Amino acid sequence: MSEALLAAQAPEAPASGASGARQFWRRLRTRRAALVAAAVVALLVLVALAAPLLTAIEGQDPTTYHPSLVDSARGGVPIGSFGGVSGDHWLGVEPQTGRDLFARLVYGARVSLGVALAATTVQVVLGVVVGVTAALGNRWVDQLLSRVTDIIVAMPLIIMALALLAVVPAGFPRPVLVSLIIGFVAWGTIGKISRAATLSLKNLDHVAAARLSGWSTWRIARRELLPGLAAPVITYAALMVPANISIEASLSFLGVGVKPPTPSWGQMLTSADIWYQAAPQYLLLPAGALFVTVLALTVLGDGIRTALDPRSASRLRVGTGRKQEPKAAGATETAKAATAKETSS
């Protein structure tokens, strides 16, 4: 009986998935701020991927020193107006070293976005594996993994990352190391989300039918549970990316993240704290890039969350079409008052 039920439902799955994708896109299109944020994120990713091409067009690279472009008598201030902006150096040069700012900025985008996406991938994989295993395991497995998850959630992320980064040999690639540490230290919340969602899904009829058909636990998790986990996992992962960008920038700012000569926005901010008066663009450019990236990813993540779950209200009041609600409410109240007046007369 259960096999017949599963066989009858199997052809409908692709259509249901396609319909769900269309509904998601329809809801997302109504949020103008999310679409603008998606365009900004796509542009940032394109710039990061095309960094070698862009710097080749400019004719510069992020590591070459240009001591002739800085005034050593004034402590290394760039020569020329606006921090040494010219046809050869589109955004000027770095104080003291004379390295090209445009090249370091676009290569820094590769590091910041790459570290954040890699760390988010590690968090999602670990969190989903531990959460699903805890929900499908016996009582002892669930208790053990739940306590481990609680410990991970309670750990102070920055302090743990500082401690681990300080003891790893300097020869290990820092971007990879930062990605792994952030991923291994901060997967606890998505593990809790995955466990709670799996506990709800495993009691549904189609999962019970699969279990009665003799399917293995792995096959049930892969075919029946993981598709149901997609919405909450994607929602939380979209909000984790900007948080991981901020963490990477914080670690680089503290001097334990990405090391020179590899460019990073947080590392540039570390060097710029004493140059904000003599060369303000050296501080404003990476700070502005971080602000725009985190804001765009946050708005996009909020739009994805509300599009996947239309019952949840958006945390942001921009681009959600909520300005029409007071007008509709006012029209409703006016209609009620007119009806009451006609009835009384």
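Side notes on the structure shown:
- The set of residues in the stretch 233-251 being touching a residue at least 60 places away in the same chain (Cβ under 8 Å) and over 9 Å from the mean Cα position of the chain (by Cα) consists of VAL233, ILE234, THR235, ILE247, GLU248, ALA249, SER250, LEU251.
- ALA209 meets the stated requirement of being assigned to a helix (DSSP H, G or I) and in contact with a helix residue (DSSP H, G or I) (Cβ under 6 Å, 6 or more places away or on another chain).
- Where a residue in the stretch 197-208 is touching a residue at least 24 places away in the same chain (Cβ under 8 Å) and its partner, wherever it lies, is β-branched (Val, Ile, Thr), with Cβ under 7 Å and at least six apart: THR198/VAL132; LEU201/VAL207
- Taking residues in the stretch 23-40 that are closer than 16 Å to PRO242 by Cα and of a type outside the set (Gly, Ala, Ser), and partners anywhere that are at pLDDT 90 or above and surrounded by fewer than 16 Cβ atoms within 10 Å (Cβ to Cβ), the pairs with Cβ atoms closer than 7 Å and at least 6 places apart or on different chains are VAL40/VAL292.
- Lone unmet requirement of (1) within 21 Å of the chain's Cα centre (by Cα); (2) modelled with pLDDT under 85 for ILE182: (2)
- Close pairs (7 angstrom Cβ cut-off, 6 or more residues apart or separate chains): farther than 16 Å from ALA197 by Cβ in the stretch 212-224, among the hydroxyl-bearing types (Ser, Thr, Tyr) anywhere: LEU212/SER2; SER213/SER2
- Counting residues in the stretch 94-113 that are assigned to a helix (DSSP H, G or I), basic (Lys, Arg), under 28 Å from SER246 (Cα atoms) and in contact with a helix residue (DSSP H, G or I) (Cβ under 6 Å, 6 or more places away or on another chain) gives one or more.
- Scanning the stretch 39-78 for residues that are of a type in the set (D, E, K, R) and either crowded, with 16+ Cβ neighbours inside 10 Å or touching a strand residue (DSSP E or B) at 6+ places or on another chain (Cβ under 9 Å) (or both) yields GLU58, ASP61, ASP71.
- Residues of the stretch 164-180 that are exposed (fewer than 13 other Cβ atoms within 10 Å of the Cβ) and without any contact (Cβ under 8 Å) to a residue 60 or more places away in the chain: VAL167, PRO169, GLY171, PHE172, PRO173, VAL176.
- Flag if GLY266 is in a helix (DSSP H, G or I) and touching a Ser or Thr at 6+ places or on another chain (Cβ under 7 Å): yes
- Identity of the residue in the stretch 106-161, more than 18 Å from the chain's Cα centre (by Cα) and touching a residue at least 60 places away in the same chain (Cβ under 8 Å), that ends up farthest from ALA186 (Cα to Cα): TYR107
- Across the stretch 273-296, the number of residues qualifying as modelled with pLDDT of 80 or more and either buried (at least 19 other Cβ atoms within 10 Å of the Cβ) or in contact with a helix residue (DSSP H, G or I) (Cβ under 9 Å, 6 or more places away or on another chain) (or both) comes to 15.
- When residues in the stretch 212-261 are screened for being loosely packed, with under 15 Cβ neighbours inside 10 Å, in contact with a Ser or Thr (Cβ under 7 Å, 6 or more places away or on another chain) and not in a helix (DSSP H, G or I), 2 of them pass.
- Taking the stretch 152-205 as the range and being part of a helix (DSSP H, G or I), within 22 Å of ALA237 (Cβ to Cβ) and of a type in the set (Gly, Ala, Ser) as the test, the residues that pass are ALA154, ALA161, SER179, GLY183, GLY188, GLY191, SER194, ALA196, ALA197, SER200.
- Tabulated pairs, the stretch 74-100, first farther than 13 Å from TYR282 by Cβ, second of a type in the set (A, V, I, L, M, F, W, C), C-beta under 6 angstrom, 6+ apart or interchain: ILE79/LEU69; TRP90/PHE102
- The set of residues in the stretch 279-297 being among the aliphatic types (A, V, I, L, M), in contact (Cβ under 8 Å) with a residue 12 or more places away in the chain and closer than 27 Å to VAL70 by Cβ consists of ALA279, LEU283, LEU285, ALA287, ALA289, LEU290.
The values are calculated or read from the model by the stated rules, or taken from the named source; none is laboratory data. Bear in mind the structure is a predicted one, so any value in this text is a computation, not a measurement. Reconstructed Cβ throughout: ideal geometry from the backbone, glycine too, with neighbour counts over all protein chains shown.
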